[in-house]
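The values are calculated or read from the model by the stated rules, or taken from the named source; none is laboratory data. Treat the numbers as computed from the prediction; the structure is a model and nothing was measured. Heads up, the Cβs are rebuilt from the backbone with ideal geometry, glycines too, and the neighbour counts pull from every protein chain shown.
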Amino acid sequence: MLFLEGEPKAPPANLTLSPEVPHYSVPELHVIDFDDNISSTKAAIDGLLAVCRQQGLGESINADIIQQAREQAWRRKGSYNILELLEENLAPEVMADVRTRYRRGEGGHTLAFDDVVHYANRLSDDPSTPNFILTYGENVDRYPDGGWQADKILRAHTQGSLPPGYAYFMPHSRKGPVLERLHNRVDDTYDMLAFDEDNNLIAMYHAKRAVLIDDRKTSLANAPLNCTTMYMRRADVPATPKQEEGDLPPGTIQIESFDEVPVSKEIEPLNEAARKVELQRVAAFVPLWLYSGLTRDVVPA
């Protein structure tokens with residue numbers, strides 16, 4: 001998995017947890033899928049096509065070429081890689097220019113669904129609710145800059161419509177086992193580092209439950225017991241074969257919009273540092289067990 005390049009900034013390479021770090025207990029952590037969940041695939045492609053047309057590249061990159069690649073990917077039960085199409089049809093310097101313009105938000109077409117903006121605001125409202133994006137991208141490990149997944153997420157950030165968590169890229173779509181690895185079995189919590197806008201560690205949040213929201217049934221499978229799974233099936237967006245593959249895990253809640261997702265604002269100080277200081281605004285959350293640069297001078301409370 002990779003930290004998102006760009007904003008919010010990746011956390012510092014080395015970090016020490018001290019007794020002065022406030023610890024808080026919260027009811028839940030939200031783990032959110034990106035494609036067809038937060039973002040509209042149609043809008044993502046339409047934005048790319050618009051950038052290509054503006055650059056006079058419509059004969060090389062157009063809707064027909066992309067649709068053919070998409071259908072081939074569905075038949076092999078995978079995801080098509082738009083960057084491979086760009087590599088096949090554009091010179092390297094032209095491709096780099098297209099990606100830069102795309103990340104800057106040129107060409108119009110807002111990626112996030114309208115309800116996502118409302119949901120992101122609810123997550124961000126004080127006190128911020130721990131969250132991060134967990135997204136699958138085929139062959140994402142081939143691209144040090146995060147590839148097409150990062151292109152789309154950075155574009156959505158530029159458009160100002162994403163929650164305040166980091167994004168993590170996966171080379172597969174099985175998210176349940178990933179959440180199980182993030183689960184602190186000793187305390188039965190999900191532990192999150194909280195950073196401010198200046199990239200300073202300001203607190204740790206310990207969530208009692210996870211909420212995993214995805215548009216693929218297979219991505220929700222094998223989640224931990226203390227995880228609520230939600231299956232996004234937007235009524236006005238035709239289902240893809242990937243979305244209908246497999247069975248929903250028992251107890252999964254089916255939703256059509258993020259307006260249906262409750263966001264808890266309960267928070268409880270856990271240590272003296274948290275009781276002494278005023279709660280600070282969080283700019284981004286990082287799962288503790290995805291952070292490799294951590295050392296401790298004391299055991300956290």
Would you mind finding the one in 119, 168 that is of a type in the set (Ser, Thr, Tyr), in contact with a helix residue (DSSP H, G or I) (Cβ under 9 Å, 6 or more places away or on another chain) and either over 27 Å from residue 30 (Cβ atoms) or assigned to a helix (DSSP H, G or I) (or both)?
-> 119
Residue list for the range 93-105, restricted to those being at pLDDT 95 or above and either in contact with a helix residue (DSSP H, G or I) (Cβ under 8 Å, 6 or more places away or on another chain) or not polar (S, T, N, Q) (or both) | 93, 94, 95, 96, 97, 98, 99, 101, 102
Which condition number in (1) among the aliphatic types (A, V, I, L, M); (2) surrounded by fewer than 21 Cβ atoms within 10 Å (Cβ to Cβ); (3) not in a strand (DSSP E or B) is the one that residue 153 fails?
-> (2)
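Residue-by-condition table, conditions (1) within 22 Å of residue 106 (Cα to Cα); (2) over 11 Å from the mean Cα position of the chain (by Cα):
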position	(1), (2)
128	no, yes
131	no, no
144	no, yes
147	yes, yes
151	yes, yes
158	yes, yes
Sort out which residues of the range 91-115 are surrounded by fewer than 19 Cβ atoms within 10 Å (Cβ to Cβ), over 20 Å from the mean Cα position of the chain (by Cα) and in a loop (DSSP other than H, G, I, E, B), and write them in order of number.
-> 91, 106, 108
From the set of residues in the range 160-172 that are closer than 17 Å to residue 212 by Cβ and surrounded by fewer than 21 Cβ atoms within 10 Å (Cβ to Cβ), which is nearest to the chain's Cα centre (by Cα)?
-> 168
Considering only residues of the range 146-167 that are hydroxyl-bearing (Ser, Thr, Tyr) and free of Cβ contacts under 8 Å to residues at least 60 places away in the same chain, which is farthest from residue 32 (Cα to Cα)?
-> 158
Please enumerate the residues belonging to the range 25-60 that are over 24 Å from residue 169 (Cβ atoms) and not hydrophobic (A, V, I, L, M, F, W, C).
-> 25, 27, 53, 54, 55, 56, 58, 59, 60
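Every residue, every condition in (1) basic (Lys, Arg); (2) outside the structural domain of residue 286 (by TED's automatic domain parsing), yes or no:
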position: 86; (1), (2): no, yes
position: 96; (1), (2): no, yes
position: 122; (1), (2): yes, no
position: 129; (1), (2): no, no
Quick one: which strands (runs of 3 or more DSSP E) sit completely within the range 179-279 and have at least 3 residues that are at pLDDT 95 or above, under 19 Å from the mean Cα position of the chain (by Cα) and not hydroxyl-bearing (Ser, Thr, Tyr)?
-> 201-214, 227-232
Neighbours by Cβ (under 6 Å, 6+ apart or cross-chain): first from the range 231-242, in contact (Cβ under 8 Å) with a residue 60 or more places away in the chain; second of a type outside the set (A, V, I, L, M) = 232/37; 232/215; 234/256; 241/74; 242/216
Look at residue 172 and say whether it is touching a Pro at 6+ places or on another chain (Cβ under 6 Å) and of a type outside the set (A, V, I, L, M).
-> no
Expected single match for touching a helix residue (DSSP H, G or I) at 6+ places or on another chain (Cβ under 9 Å) and among the aromatic types (Phe, Trp, Tyr) among 205, 231 is 231
In the range 225-243, the residues that are charged (D, E, K, R) and farther than 16 Å from residue 34 by Cα | 236
